[in-house]
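As structure tokens, the structure follows; a few thoughts come after it.
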Amino acid sequence: MKKRTDAPTDRLFEKIGKIGMVLPVAAASLLSTGSVAQVAGSPAKMTLGSAMPDPNGEITADRQRAYRLFKAITGIAIAIDDSRLAQMESLIAAGNEKGAAAIATSDPSFYDVQLRDLARKMSVREESVTAPLSDFVATFVGVARDGLDARELLSGNFIYRADIAKVLVNGQGQPEVRNDTLADIVNSNNHYADLQARSYSLYSVLVRENGQQYSNDGETLQPMTDAAGLITTRQWIREHADAGTNRRLVEFSFRQFMCAPMEAWMDASRPDDFVGRDVDRFPGGSHEKYQVTCKACHTQMDAFRQAFAYVNFAGGRTRLTPGQVVGKMNRNSNMFPSGYSTTNDRWVNYATAPRNADQFGWRGPASGSGMADFGRLLANSKGFSRCMTKRVFASICKRAPGPAEEAAIRVIADQFEGDYKLKGLAETVAVSPICISRE
Amino acid sequence: MNERSRRNAQNMGNLAMRKLMKNRKFMTQTVTVALLAVVATFQACGPGQLNKNQYASLDGNALDGVNGANSGSFIIGPGGAMVPVESTKTVAVSYSENILESLITIIGTGQPSQRVRDSYNRERTKIAESGKAEAVNAPMWMAITNLSGEVCWDLVLAEKALAAGSRRIFGQINFAGNPAQITDAARNDAIRRLARSAWARNETPEELALIKSGMASVPGTAAADVDRQMLFACTTILASLDSHDR
């Protein structure tokens, strides 16, 4: 068939062929007339803009570097003529890349996009960036925004929620988000779902609320007596203490806060005196399989599991029964009646053999009681600071650090431990030579 | 235009695009819509330029040091020191959760309209959530294109309502005139501003020629067709890969 070259679209493709271009990108749609539905204006909502482009402005190498830094740190694009980039360019030209990065980490987008999405992935089992906004995510972002010690992520007794004065309809009148502590934060995720649906800027509206709370009966608020930061947020408990045997709480605590999935820290050489009665010691009739496979995970996990002896998630809310072990800790006890029966929340750290000792860099007692002690153990370890470094690295540099970069990760993590501020960590990572191309 | 006809317009646009991709035959669609097809060119993205040894794509594996972490863009130098390889970069793209914020920042309208939000909610499930370069596929880019079109329509409407001197992008465009009255310089200026906003660089001569050629193919001589030409230029640039390179 003869090719029609008189058609505009054909001419386009002809040109494409001539100059060897690739990735034809569509342009489709649209529309005739219609008006833009106006969104209620509010300074607390995400407002995204860029400066007036300068058609004749020079784009220096330092400006390009500033652009890449900003885009990597905040997660969003920005016009090359934006005044923030001009400031960053000047600092880069003066040899102060860290200062330039600090401009990007001061931008609301760093919190509203980059850190929000980092936390969303950590907040659900699927590790999906589409996870809903929750108390977990808000608390993570709030700790970073306020420059708190990141160890408080696992030891603090607070959450972040919206300042009610900043979420009013058109800045006045009624709140635009459901805000009842019992109904909308403890018994449900309504508060955060509304914040997300209405596109509020977490950077702008979050406020710290000291004292985590729970409700056993769904009607009365009680103070969380064993608070462990993110580990005792509703979202975390909902995700990992709903049904099951509370082992998931240990598994995912290590996965998310130590960057160690079970297979990375399993160790069959440790004692199995804490392994529960519900674990078959003769799976398929083979005790060897238990010794080699099952025990490798359960020995350490079950010894830590006691930390969660009093917590459960049921009826849409966290339940806490101090002094009373929840039933699921000792379920299926007929499987191996000689196994360990949980009677309290005293836990032991068995992840101390050389490989795990190096991996986690423990700096705390080898045993403790309850979730708060468990959270502090993780927070004070080198494994936590390294993991936060890896997570920030992956978010900003858009790839996981390679095995050969472990040394660099450890150096950055050591610097992070100077003040444990996530904002500074992001700046250090972004300007490190292994992160962003200098092309 | 009501919702039904707008949907029809989008469906026709998508259908047209598929046909264009398939057999490159000229379409004779003359609906109330501008059928748009354009190509953007991107430095370092041409065939054969992506080299596994030089480019490290985003690795979605868990950060565990167990499951084949990425090799990274460095070499081990004397004494074990890490030396970054200057010609390498990580290839990643916008993902479902940051794409709207990015597009809105690029066009500078502050907040998306409800129509854009609705479009985003429709299209987001087709946009990969990983940001991995290898996750890019045709449905994803059609979704990005549709969303870009809606965002650009916000831009056109917003700037039409402003005095020429207050506009970020279309300062030299007379929206009350007809397409024939748009000067070459005015088109160049709009394209340059869009390119600097979305691509963080000036357009190349080839890109400029392609976009202008595409604009000229938008039918019609009424004032509304000026809107469509600007919509075309904006959508072309916002939906291109360089606008989503992360």
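Could you tell me how many of the residues in region B:144-177 are of a type in the set (S, T, N, Q) and part of a loop (DSSP other than H, G, I, E, B)?
Result for region B:144-177: 2.
So which of A:Ser253, A:Ser269 is buried (at least 23 other Cβ atoms within 10 Å of the Cβ) and assigned by TED's automatic domain parsing to the domain that holds A:Asn349?
A:Ser253
In region A:300-317, which residues are in contact with a Phe, Trp or Tyr (Cβ under 8 Å, 6 or more places away or on another chain) and surrounded by fewer than 23 Cβ atoms within 10 Å (Cβ to Cβ)?
Within region A:300-317, just A:Arg317 meets the criteria.
Find the residue count for region B:158-174, including only residues that are surrounded by fewer than 20 Cβ atoms within 10 Å (Cβ to Cβ) and either within 14 Å of B:Thr109 (Cβ to Cβ) or touching a residue at least 12 places away in the same chain (Cβ under 8 Å) (or both).
Qualifying residue count, region B:158-174: 8.
Which of the residues belonging to region A:346-373 are of a type in the set (A, V, I, L, M, F, W, C) and part of a helix (DSSP H, G or I)?
A:Ala357, A:Phe360, A:Met371, A:Ala372
Would you check if A:Arg376 is under 23 Å from A:Phe274 (Cβ atoms), in contact with a Lys or Arg (Cβ under 9 Å, 6 or more places away or on another chain), touching a residue at least 60 places away in the same chain (Cβ under 8 Å) and assigned to a helix (DSSP H, G or I)?
Here the answer is yes, as A:Arg376 does meet what is asked.
Among the residues of region B:200-213, which ones are at the interface with chain A (Cβ under 8 Å from one of its Cβ atoms) and not polar (S, T, N, Q)?
Correct list: B:Ala200, B:Arg201, B:Glu206, B:Ala209, B:Leu210.
I'd like the full set of residues that are part of a loop (DSSP other than H, G, I, E, B), within 25 Å of B:Asp242 (Cα to Cα) and of a type in the set (Gly, Ala, Ser), limited to region B:198-223.
Of everything in region B:198-223, those that are part of a loop (DSSP other than H, G, I, E, B), within 25 Å of B:Asp242 (Cα to Cα) and of a type in the set (Gly, Ala, Ser) turn out to be B:Ala200, B:Ser217.
Among the listed residues B:Ala195, B:Ala180, B:Ala190, which satisfies the condition of being part of a helix (DSSP H, G or I), touching a Ser or Thr at 6+ places or on another chain (Cβ under 8 Å) and in contact (Cβ under 8 Å) with a residue 24 or more places away in the chain?
One residue alone meets the criteria, B:Ala180.
So is A:Ala197 surrounded by fewer than 17 Cβ atoms within 10 Å (Cβ to Cβ) and among the hydrophobic types (A, V, I, L, M, F, W, C) or not?
yes
The values are calculated or read from the model by the stated rules, or taken from the named source; none is laboratory data. Everything numeric in this text was worked out from a predicted model, so none of it was measured. Reconstructed Cβ throughout: ideal geometry from the backbone, glycine too, with neighbour counts over all protein chains shown.
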